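One structure is given here, and the rest of the page talks about it.
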Amino acid sequence: MSPMWGSTAQYEVIHWSWAIAVYLFLAGISAGSIIVALLVKWNRHERSNSSIWDAMIKSGTLVAPVSILAGLFLLVADLGRPLSFYWLLIRFNPLSVMSLGVLFLLIYTPIVLVFTLLVFERTIVKYTWLSPLGSFIEWVKSLHSYAKTIEYFLMAAALCVGTYTGFLLSALYAIPLWNSPVLPIVFLTSSISSGIAVNILIGLVFFKSTINTESIKYLLVLDLRVIMTELPLLGIFFVGLLYGGGEVSSMAKAALSHGGLALVFWLGVIGIGLLLPLATVILALRSHVYRVGYILTNATAVLLGVLLLRYYIIYAGQIYLG
Amino acid sequence: MAKAYRLIFDENLCIGCQACNVACRLENDVPEEVYRLQVHVTTQGVFPHLGMHFERRSCVMCDEPPCVSVCPTGASFQSKDGLVHIHESQCITCKYCILACPYHARFINPLKNVVEKCTFCFDSRLSKALDPACVSVCTTEALRFGDVSQENSTVAMLSRKETLLFPKAHLGTKPKVCFIPARKGVKV
């Protein structure tokens with residue numbers, strides 16, 4: 001069959017570009033870092049202010065609002081008509097995952113900001129240039145007695161934000177590579193792993209925590225567990241597509257074997273994002289060498305891998321339409 | 001009573017003249033680089049057993065439109081008659097509907113920066129009881145349009161007589177645009 005007349009240019013446009021991939025990454029980091037910070041706070045928090053656990057909580061509560069705000073900015077800027085974004089706020093369509101996402105973000109973002117103020121309240125009070133915010137900080141302080149409730153709400157909202165980005169894509173049956181029930185779980189898992197990575201990275205670099213062999217070992221084992229969850233999940237995702245039959249199979253095959261995009265997946269997502277940290281962790285644990293450098297390398301590699309996964313999924317879905 | 005519109009494209013009658021495509025452009029001011037409607041022409045078979053294949057590419061006006069359910073602002077909506085339209089002022093061009101459409105019928109109008117697609121010429125013609133521009137100019141009557149719930153309408157009679165194919169019917173979108181497949185085969 002050879003084409004004689006007809007333009008296909010308008011079907012080949014990438015409508016959701018790198019900006020959306022970065023948004024998905026940032027939203028994932030935000031949700032992941034706050035989930036990890038809360039888990040650490042609930043399970044590991046000791047009353048010492050210089051432990052790595054304390055640094056991870058501080059890092060999570062700092063990264064979460066910054067990354068979600070940056071992500072939201074990107075999201076609005078990527079609209080064809082950014083100034084009309086207010087329609088998202090005054091209209092609601094419960095059937096649209098995007099609309100649900102707006103709802104989740106409207107709940108999540110303020111709670112994150114309040115939680116951040118609660119955690120850094122003493123630091124904020126120190127700075128005089130923040131004094132105009134005095135009454136607001138007083139109000140936040142008065143919320144201290146509800147801290148635990150706020151944390152539970154925050155956890156629920158973060159889980160919603162971390163998952164909805166997956167449903168946002170999987171809801172579209174027009175796009176075979178996105179229309180998989182496993183995608184939201186893949187996204188949530190990888191966003192939690194990016195949360196661990198970013199909390200360790202920011203925690204070690206900016207909150208000068210004391211770190212000992214014990215906590216390094218714990219973090220490395222944590223890394224190992226997350227990678228060992230993510231690898232099989234990605235496997236299940238693609239095996240599901242390959243067994244999907246018809247154009248789903250052929251599109252998945254093409255996405256895994258053709259061109260630079262396949263390279264992004266195999267080299268970036270699998271190689272740098274998963275196998276490199278896996279190898280480092282296993283080597284470190286086997287030879288009982290606990291260096292901070294290992295953790296920093298791992299965290300950076302994991303973050304890069306998570307970003308590339310979002311990039312790969314966004315582009316592969318739109319290129320291999322069937 | 002609500003209408004049950006149907007547009008039937010007869011592949012056997014189409015000659016690929018693109019009059020429909022041009023009429024659509026003129027009627028709806030479609031910018032040069034995009035199409036609301038085009039007929040893709042392909043050659044099939046091996047010489048000397050060649051055949052031509054004509055495929056209409058446009059919005060198929062689903063009864064169950066995925067582009068409406070994904071729209072976060074309600075800009076993409078379905079009218080009482082089941083036609084799918086876009087409120088230009090409420091469209092934020094998030095492009096979610098473009099990705100949701102299995103027929104790739106939607107595009108961004110590069111001049112207005114809003115999502116557009118075929119409307120069956122609703123504003124300019126259909127609301128005045130005129131056929132869509134593409135149907136009105138079709139040189140071979142390969143395009144037929146009407147209310148299938150009216151027993152005497154051409155589309156109702158054609159629907160009773162012919163085997164109709166609905167594009168990507170397995171998706172359950174229930175298109176209002178359907179086609180009568182080419183009866184002549186070619187050796188592949």
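Which one is farthest from B:D131 (Cα to Cα) among residues in segment B:22-61 that are touching a Leu at 6+ places or on another chain (Cβ under 8 Å) and more than 9 Å from every other protein chain (Cβ to nearest Cβ)? So that I can check it myself, show each step before the final result.
Step one: filter segment B:22-61 for residues touching a Leu at 6+ places or on another chain (Cβ under 8 Å), giving B:24, B:31, B:43-44, B:56-58, B:61.
Adding the requirement that they be more than 9 Å from every other protein chain (Cβ to nearest Cβ) leaves B:24, B:31, B:56, B:58, B:61.
Working: B:C24: 12, B:P31: 22, B:R56: 17, B:S58: 16, B:M61: 15 Å.
Applying the filter and picking the extreme gives B:P31.
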For segment A:271-292, which residues satisfy the criterion of being touching a residue at least 24 places away in the same chain (Cβ under 8 Å) and outside any helix (DSSP H, G or I)? A:Y290, A:R291
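Identify, please: which residue in segment A:159-171 is touching a residue at least 40 places away in the same chain (Cβ under 8 Å) and farther than 18 Å from A:I34 by Cα and is, among those, nearest to the other protein chains (Cβ to nearest Cβ)? Step through it out loud before you land on a result.
Within segment A:159-171, the first condition is being touching a residue at least 40 places away in the same chain (Cβ under 8 Å), and the residues that meet it are A:159-162, A:164-165, A:167-169, A:171.
This time we only want the ones that are farther than 18 Å from A:I34 by Cα, so: A:167-169, A:171.
Values: A:F167: 11, A:L168: 8, A:L169: 9, A:A171: 7 Å.
Result: A:A171.
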Quick one: in segment A:172-184, of everything that is in contact (Cβ under 8 Å) with a residue 40 or more places away in the chain and touching a Gly at 6+ places or on another chain (Cβ under 7 Å), which residue is surrounded by the most Cβ atoms within 10 Å (Cβ to Cβ)? A:L177
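Here are some residues: A:L168, A:L159, A:L188, A:L177. Which one is more than 24 Å from A:P110 (Cα to Cα) and among the hydrophobic types (A, V, I, L, M, F, W, C)? Steps first, please.
Details: A:L168 fails: more than 24 Å from A:P110 (Cα to Cα); A:L159 fails: more than 24 Å from A:P110 (Cα to Cα); A:L188 fails: more than 24 Å from A:P110 (Cα to Cα).
None of the other options fit; the residue is A:L177.
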Tell me whether segment B:4-17 contains one or more residues that are in contact with a Phe, Trp or Tyr (Cβ under 7 Å, 6 or more places away or on another chain) and within 10 Å of chain A (Cβ to nearest Cβ). yes
Residue ID - farthest from B:V68 (Cα to Cα), chosen from residues in segment A:76-91 that are more than 8 Å from chain B (Cβ to nearest Cβ) and either in contact with a strand residue (DSSP E or B) (Cβ under 6 Å, 6 or more places away or on another chain) or not in a helix (DSSP H, G or I) (or both): A:D78
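Being within 24 Å of A:L75 (Cα to Cα) and surrounded by 23 or more Cβ atoms within 10 Å (Cβ to Cβ) is the filter; apply it to segment B:78-93 and report the residue that is nearest to the other protein chains (Cβ to nearest Cβ). Please lay out each step first, then the result.
Looking only at segment B:78-93, we keep the residues that are within 24 Å of A:L75 (Cα to Cα), and these are B:86-93.
Okay, now just the ones that are also surrounded by 23 or more Cβ atoms within 10 Å (Cβ to Cβ), so B:91-92.
Working: B:C91: 7, B:I92: 5 Å.
The selected residue is B:I92.
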Looking for something within 14 Å of chain B (Cβ to nearest Cβ) and not aromatic (F, W, Y) - is there at least one such residue anywhere in segment A:106-126? yes
In segment B:94-140, which residues are of a type in the set (G, A, S), surrounded by fewer than 21 Cβ atoms within 10 Å (Cβ to Cβ) and closer than 17 Å to B:A23 by Cα? B:S124, B:S136
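None of the figures in this text is laboratory data; all of them are computed from the coordinates on show. Just so you know, these numbers come straight off a predicted model, no measurement behind them. Counting neighbours? That spans all protein chains shown, and the Cβs are built from the backbone with ideal geometry, glycine included.
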